[in-house]
Amino acid sequence: MQRRQFLKTASLTIPALTWPTLRAFAAELPSQITDFTARQLSDAIRTRQVSCVEVMQAYLSHIHQTNPTYNAIVGLVEDDTLMTQARAADADLAQGNYRGWMHGMPHAVKDLSAVRGLIHTSGSPRFADRIADSDSAFVARLRASGAIFIGKTNTPENGLGSQTYNPVFGPTGSACNPALTAGGSSGGAASGLGTHMLPVADGSDMMGSLRNPGAFNNVIGFRPTAGSQNATPPTSIPLSTGGPMGRNTADTIELLNTMAPRPIDGPFTPLELEGLKVAWLGDLDAYLAIESGILPLCESALRTVSSAGANVEDLVPRFDFDELWYCWTTLRHAGRVSMRQAYEDPATRRQLKPELIWEIEQGLSFTASDIERAENIRQRWIAELDRLFGDYDFLVLPTAQVFPFSKNVHWPRYIGARPMDTYHRWMEVVILGSLGGLPIINVPVGFDAGGRPMGMQVMGRYGDDKRVLEFGLVYEQLTNFLV
């Protein structure tokens, strides 16, 4: 059963199933447990169509066969320990103790977040032997929903860069081609998801770290409204936020509502596109260097959206994008001053990646007036976004400026003939949404002739997460890229 067909018929609330319905449901399931969508898997466990032991056995077998090629999951817990936990989950279910929608489901957390008893390296040699003694807040919510933590997902050192490699575990390959990068910083999460080693995956996003891996692994990545994952509203819009990834939008919604302290009220239904206004920002009138072939894939996908009734128009915001880049790098690098102690200690400085050292040095060089100027630019950009959302329902950009490249290349030095003057300039396309704190979904747009995947960012108004996700639902009905 194709995923988009399942989404058309499945409700986002779990129904009570009768035995005739159970038989029909079982007939619709894929032949391999690891090919179940997360919601199919959850229903199958809850209705005891499959046992937690069977699920864990299937996933561990698949991981042992697949992970050596992709290197997505790190710090894998021993099989015997995981099987013991799976048997306990079955025993709970037999006694009527249903923990939640993730009951008995295997899950690996991005290795920037703490999971009690598991490694917590952040991809850094400084923390190669660190074991977490408690759960981070969202991990505790996943545990309460029944997840069984099988390990961590690989991430670049300290989460820096949209290429997942580090000196502790090495690089992670794209689910579409393990010789190519999985992107980052949630690269292990996206690769594990795209290779069906995980049912769903969590990540975080400052500079495209949920979106870029989503595109590079042909899965959904959703960056929620910044601050919406905090237990209390932030006093200012943060640059970074946690968020979910899924093999489809419905799975992504389920994980989002488990990770977040304040779930989004449902039900979720595919968005009606008739009359919606969508702005296509493209390459910002040639400001952005974009690899050949990316824009046509996005534009072809948007023609499908237009054919379904949406009005798609070309648009370039009224803004100086050089100023926006200054704003981004100033605010981002200023945040690295918190790592000053590690930088100033020669013993730990030797363990920092060159790009991190450079960001810390940049941050230390800024004056109060530099920060003030950057904040003023950001406020003007937020005002421009407000103006644009007065006319349009969604703003759309490519998710990345390049297709996935060799996982042995740390970052692209050129896009076409244009040099990249920093290690993160090649991901400049994502800062428009990050600076606005907007909810953004990466949706797939297909593959180039070499089989390399790409996606596009669909950005909604601040706080309008539900509508952005509902766009994802209808987009999956119109397209067939999630295979």
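Using 7 Å Cα-to-Cβ label points, what is the residue 78/residue 391 separation (nm, one decimal)?
Roughly 6.4 nm, to one decimal.
Quick one: dipole size for the stretch 3-259, taken about the Cα centre, charges +1 on Lys/Arg Cβ and -1 on Asp/Glu Cβ, in debye to the nearest 20. Kindly include the intermediate steps, with their values, before the conclusion.
Numbers: 19 positive and 18 negative charges, 116 e Å.
Roughly 560 debye for the stretch 3-259.
Can you give the net charge of the other residues whose Cβ lies under 9 Å from the Cβ of residue 174, counting K and R as +1 and D and E as -1? Present the calculation step by step, with values, prior to reporting the outcome.
Working: positive: 407, 452; negative: none.
Summing Lys and Arg as +1 and Asp and Glu as -1 gives +2.
Decide, for the stretch 281-409, between rounded, prolate and oblate: order the square roots of the alpha carbon gyration tensor eigenvalues as a ≥ b ≥ c, take rounded if a/c falls under 1.5, and otherwise choose prolate if a/b is larger than b/c, else oblate. Walk me through the intermediate numbers first.
Values: a/c = 3.37, a/b = 1.66, b/c = 2.03.
Oblate, since a/c reaches 1.5 and b/c is not below a/b.
I need to check one value: relative contact order of the chain, counting alpha carbon pairs closer than 8 Å and at least 6 residues apart, in percent. Mind showing how you got there, number by number?
On the way: 1040 pairs, mean separation 77.4, N = 483.
Normalised by residue count, the contact order of the chain is 16 percent.
Given the options 253, 164, 117, identify the residue whose Cα lies farthest towards the positive end of the charge dipole of the chain (+1 on Cβ of Lys, Arg; -1 on Cβ of Asp, Glu).
Farthest towards the positive pole: 117.
Assuming 0.36 nm per residue, please report the length gained on full extension of the stretch residue 480 to residue 129 beyond their Cα-Cα distance.
Numbers: separation 351, 0.36 × 351 = 126.36 nm, distance 4.29 nm.
122.1 nm is the gain from fully extending residue 480 to residue 129.
Apply the Karplus curve 6.51 cos²θ - 1.76 cosθ + 1.60, θ = phi - 60°, to the phi angles in the stretch 50-58 and return the couplings in whole Hz, x for Gly and Pro.
Here the 3J(HN,Hα) series is 9, 8, 4, 5, 4, 4, 5, 4, 5 Hz.
Compute for the chain: radius of gyration divided by Kirkwood radius, i.e. Rg/Rh, restricted to C-alpha atoms, rounded to two decimals.
Details: Rg = 21.6 Å, Rh = 22.6 Å.
Radius of gyration relative to Kirkwood radius: 0.95.
Which of the lysines could a cross-linker bridge to residue 152, judged by Cα under 23 Å and excluding same-chain residues fewer than eight apart?
Cα-Cα hits under 23 Å: 110, 353, 407.
Please sort 411-420, 171-180, 223-232 by packing, taking for each peptide the average over its residues of neighbouring beta carbons within 10 angstrom, highest first.
Details: 411-420: 13.9, 171-180: 23.0, 223-232: 19.1.
Peptide ranking by packing, descending: 171-180, 223-232, 411-420.
Which shape class applies to the stretch 223-326: rounded if a/c is under 1.5, otherwise prolate when a/b exceeds b/c and oblate if not, where a ≥ b ≥ c are the square roots of the Cα gyration tensor eigenvalues? Working shown, then result.
Numbers: a/c = 2.08, a/b = 1.28, b/c = 1.63.
Since a/c reaches 1.5 but b/c is at least a/b, the shape of the stretch 223-326 is classed as oblate.
Compute the Kirkwood hydrodynamic radius of the stretch 3-259, taking the inverse of the mean of 1/r over all pairs of distinct Cα atoms, and give it in Å to one decimal.
Working: mean 1/r = 0.0551 Å⁻¹.
Kirkwood radius, the stretch 3-259: 18.2 Å.
Classify the stretch 67-203 as rounded, prolate or oblate, taking a ≥ b ≥ c as the square roots of the eigenvalues of its Cα gyration tensor: rounded when a/c is under 1.5, otherwise prolate if a/b is larger than b/c and oblate if not.
It is prolate, given that a/c is not under 1.5 and a/b is the larger ratio.
May I ask you to order 135-141, 374-380 by the average number of other C-beta atoms within 10 Å around their residues, highest value first? Kindly include the intermediate steps, with their values, before the conclusion.
Numbers: 135-141: 18.4, 374-380: 16.7.
The densest-packed peptide leads the list: 135-141, 374-380.
Using the Cα centre as the reference, give the magnitude of the dipole from point charges on the C-beta atoms of the stretch 63-172 (Lys, Arg: +1; Asp, Glu: -1; all else neutral), rounded to the nearest 20 debye.
Details: 9 positive and 10 negative charges, 61 e Å.
So the dipole magnitude of the stretch 63-172 works out to roughly 300 debye.
Label-point separation (nm) for residue 341 and residue 231, each offset 7 Å from Cα along Cα-to-Cβ?
Computed distance between label sites residue 341 and residue 231 equals 2.3 nm.
In the chain, if the dipole is taken from +1 on Lys/Arg beta carbons and -1 on Asp/Glu beta carbons about the Cα centre, which of 33, 206, 367 is farthest to the positive end?
In the chain, that residue is 33.
Out of 93, 426, 324, whose Cα points farthest toward the positive end of the dipole of the chain (charges: +1 Lys, Arg; -1 Asp, Glu; placed on Cβ)?
Among 93, 426, 324, the one farthest towards the positive end of the dipole of the chain is 93.
Please list 3J(HN,Hα) in residue order for the stretch 409-423, calculated via the Karplus relation 6.51 cos²θ - 1.76 cosθ + 1.60 where θ = phi - 60°; whole Hz, with x for glycine and proline.
9, 5, 6, x, 7, 9, 10, x, 9, 8, x, 9, 7, 9, 6
Report the charge-dipole magnitude of the chain in Debye, nearest 20, computed about the Cα centre from +1 at each Lys and Arg Cβ and -1 at each Asp and Glu Cβ. Present the calculation step by step, with values, prior to reporting the outcome.
Details: 41 positive and 49 negative charges, 145 e Å.
My answer is approximately 700 debye.
Values quoted throughout were computed directly from the atomic coordinates according to the rules given, and no laboratory measurement underlies them. This one's a predicted model, so the numbers in the text were calculated from it and none came from an experiment. No Cβ is skipped: glycine too gets one built from the backbone with ideal geometry, and neighbour counts run over all protein chains shown.
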